[in-house]
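The values are calculated or read from the model by the stated rules, or taken from the named source; none is laboratory data. For clarity, every value in this text was computed on a predicted model and none was experimentally measured. Because the Cβ atoms are built from the backbone with ideal geometry, glycine has one as well, and the counts that use them run over all protein chains shown. Protein only, heavy atoms only, side chains kept; ligands, DNA and RNA dropped before computing areas. Shrake-Rupley method; radii C 1.70, N 1.55, O 1.52, S 1.80 Å.
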Amino acid sequence: MASKVVQFGPLSIPLSQVFMLSKYTYGLVNLKPIRPGHVLVVSRRKVARFNDLTPEEVADLFTNGQRASKAVEKLFNADGLTLCVQDGDAAGQTVKHVHLHVIPRNTGDFANNDDIYSVLEGTGTIPQKTHIDNDQRVARTAKDMTAEAAMLRRQVGGWDDAVGQFM
């Protein structure tokens, strides 16, 4: 590979934390997950808004969102998933680079299922049973993130070297 990192907005993410790569998107583990297994599927082309994506990029984002969701649901024993794109400041987008959140869910993980959206915006409280307290959402270690990415990579099949060069 030409590059040892991918750019996610202003952040440089080591390839060791990337679990999936396609022509238009990549999947990465989350530094501060709301729930264990919360991952992101990101546009390879750095654009801030969903409507700036081409139709091919949109299709790839959601195709690989489904691919990631199947792996996450299986590996983290989820009862369901929350899939969402926060598009713009008003929607709570904090990294100005289009990405799809894939969040594994279990029955009763939030008293009100929609509370997860205020947590995504940074204004809500994460229930104790999620094991990630909102006030203690500290960054995970690189070692933990690399291990999770490797587990997910095995599940989804990683990537084809033909598309393995990052822009």
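Below are the figures for this structure:
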quantity: Exclusive hit being of a type in the set (S, T, N, Q), open to solvent by 20 Å² or more (accessible area, probe 1.4 Å) and in contact (Cβ under 8 Å) with a residue 60 or more places away in the chain, set Ser16, Ser22, Ser12; calculated: Ser16
quantity: Residue under evaluation Val47, criteria (1) open to solvent by 20 Å² or more (accessible area, probe 1.4 Å); (2) hydrophobic (A, V, I, L, M, F, W, C); (3) at pLDDT 95 or above; (4) assigned to a loop (DSSP other than H, G, I, E, B), criterion not met; calculated: (1)
quantity: Residue match in the range 16-26 (condition: touching a Gly at 6+ places or on another chain (Cβ under 9 Å) and outside any strand (DSSP E or B)); calculated: no
quantity: Odd one out for Val58, checked against (1) closer than 26 Å to Lys143 by Cβ; (2) of a type outside the set (Phe, Trp, Tyr); (3) out of contact with any helix residue (DSSP H, G or I) (no Cβ under 6 Å at 6 or more places or on another chain); calculated: (1)
quantity: Residue within the range 34-48 that is basic (Lys, Arg) and within 15 Å of Val102 (Cβ to Cβ) present; calculated: yes
quantity: Residues of the range 54-102 that turn out to be open to solvent by less than 80 Å² (accessible area, probe 1.4 Å) and over 20 Å from Leu21 (Cβ atoms), as a count; calculated: 13
quantity: Single residue of the range 68-85 satisfying the filter (under 12 Å from the mean Cα position of the chain (by Cα) and of a type outside the set (A, V, I, L, M, F, W, C)) that is farthest from Lys32 (Cα to Cα); calculated: Ser69
quantity: Meets criteria (closer than 19 Å to Thr63 by Cα and at pLDDT below 95) for Val138; calculated: no
